Amino acid sequence: MLSKWITTTLDDKNYFDILGSGLVLFEGIKDYLSTSSVNGLRIEYVEQEISYRRRPSRANMQPIPNSVWFAKMKNTIKVLMADTYLSEQAVLSTGFCGIHSEQVSSSYLKQIILSKEFNDQKDQFAEGSTQEAVSTSKVKLIRLGFPQSQDEQTKIAEVLSTVDQGIEQTEALIAKQQRIKTGMMQDLLTRGIDEHGNLRSEQTHKFKDSPLGRIPVEWEVNEFGQTVASAVDGPFGSNLKSDHYVDEPGVRVIRLGNIGNGKFLDQDKAWISSDHGRFLSRHAVKPLDILIGSLGDERHPFGRACLYTDNIHEAVVKADVFRIRCKSDKFVHSFAVHLFNFPRWRQGLFGLAQGVTRDRVNLTNMMLLQLPIPPISEQKMIARIIESTDASLNELQRQLVKLRSLKTALMQDLLTGKKRVTALLNDMEIVT
């Protein structure tokens, strides 16, 4: 027989206590954790070590057993469950709110606080001028549901925690792979690989001085323009105005926001009619053309590049994007993109930049950029190695998306009572 499902608010004293500020006098040193110290469910660092008498005014929240703590700021999900370390050795910032319960297990309460339903309510009640956050009086209004049986609560938490562990492990693998890729790119794009596929070093291979520093003897240094067969920027002025855009798919307009760091971002879609696209045929883009941003800001450095990978739609570039086609005996397009996105080689653009408020480079100056040019066979090998690493990262990213979707679906079912965990486990519907 299933236990009763209870729906109430955090103001219900039969089940919950909202913990106020204030510390019990302690001797020695404790760790002070601010909201910035926490990333999601993880403690990233200790803000500072404190004593009772020498501590910041905000270091005034004391975790206790069977309590769960969440950051009160709007659009922020940071949650800690009070384990032995938090209860005995840590002090939290007043940016956290603590919920204590003897009737609702901490592991279940943590999953509730992570849920979309909880955070939608928290954000709805948030107030403030400089930084919106939910007050203790409004926290009391948040509604949540739970099975009366703590055994069932624990089972639900175990199911959801299993998926959390999968997500955490996959995120850790992605981070590790990205670190490996960063080091590998540093090696491949500065030292390269020999005909046997071995990384070069100055101890085992010949290097030479160049305008760009030490490079393998097999490499050349050329101006980018010497490798280019065709280069255009986007149309300016009356050739592409706001009234030329249409709602229906026609010819895509490639804008700065479509150029990621090595990846075409299939978003921010804009269209012009096929008739006007033919009028702008000089600015047309074909699949696997190089796209380079001529304009940049703090988030998107100018000169970042990608390949156009939309094989379905005709396209033209807008004024802040260059379309490049290189000579096949000089540059492999996929390798050229990696070279442009490598900070050491892209930094030469800053000396060619113009603009006051934002960095900008024109097409003429772009052609003057000096770049290292390995032999074509080596470019192909390097590109294949990087693409293989990217494929592994993409597969891990797909797994992460699936796990997060599974977690969302399970939370919607199990934390609302739509599907009871006993039936779910009996039906073998949980993938662990």
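The values are calculated or read from the model by the stated rules, or taken from the named source; none is laboratory data. Values in this document were obtained by computation on a predicted structure and should not be read as measured data. Cβ: placed from backbone, ideal geometry, glycine included. Neighbour counts: every protein chain shown.
Below, the figures for the structure above:
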read-out	value
Complete set of residues in segment 140-191 that are assigned to a strand (DSSP E or B) and among the small types (Gly, Ala, Ser)	GLY145
Cβ pairs under 6 Å, 6+ apart, first in segment 46-60 and free of Cβ contacts under 8 Å to residues at least 40 places away in the same chain, second among the acidic types (Asp, Glu)	VAL46/ASP31
Residues (crowded, with 19+ Cβ neighbours inside 10 Å and modelled with pLDDT of 85 or more) located in segment 343-354	TRP345
Residue check for ALA319: over 20 Å from GLU223 (Cβ atoms) and not in a helix (DSSP H, G or I)	yes
Failed condition for LEU212, given (1) surrounded by 13 or more Cβ atoms within 10 Å (Cβ to Cβ); (2) under 31 Å from the mean Cα position of the chain (by Cα); (3) farther than 30 Å from SER106 by Cα	(2)
Residue tally, condition hydrophobic (A, V, I, L, M, F, W, C), farther than 17 Å from HIS333 by Cα and surrounded by 17 or more Cβ atoms within 10 Å (Cβ to Cβ), over segment 296-318	4
Unique residue being surrounded by 19 or more Cβ atoms within 10 Å (Cβ to Cβ), within 20 Å of ASP413 (Cβ to Cβ) and assigned by TED's automatic domain parsing to the domain that holds MET61 when the list is LEU86, LEU92, LEU80, LEU144	LEU144
Output for segment 271-285, where each listed residue is surrounded by fewer than 18 Cβ atoms within 10 Å (Cβ to Cβ) and either touching a strand residue (DSSP E or B) at 6+ places or on another chain (Cβ under 7 Å) or in contact (Cβ under 8 Å) with a residue 60 or more places away in the chain (or both)	SER273, SER274, ARG282, ALA284
Segment 355-384: number of residues that are part of a helix (DSSP H, G or I), surrounded by fewer than 17 Cβ atoms within 10 Å (Cβ to Cβ) and β-branched (Val, Ile, Thr)	2
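Quick grid of which residues meet (1) touching an Asp or Glu at 6+ places or on another chain (Cβ under 9 Å); (2) of a type in the set (S, T, N, Q):
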position: ALA90; (1), (2): yes, no
position: PRO147; (1), (2): no, no
position: GLN150; (1), (2): no, yes
position: LYS155; (1), (2): no, no
position: GLY166; (1), (2): no, no
position: THR190; (1), (2): no, yes
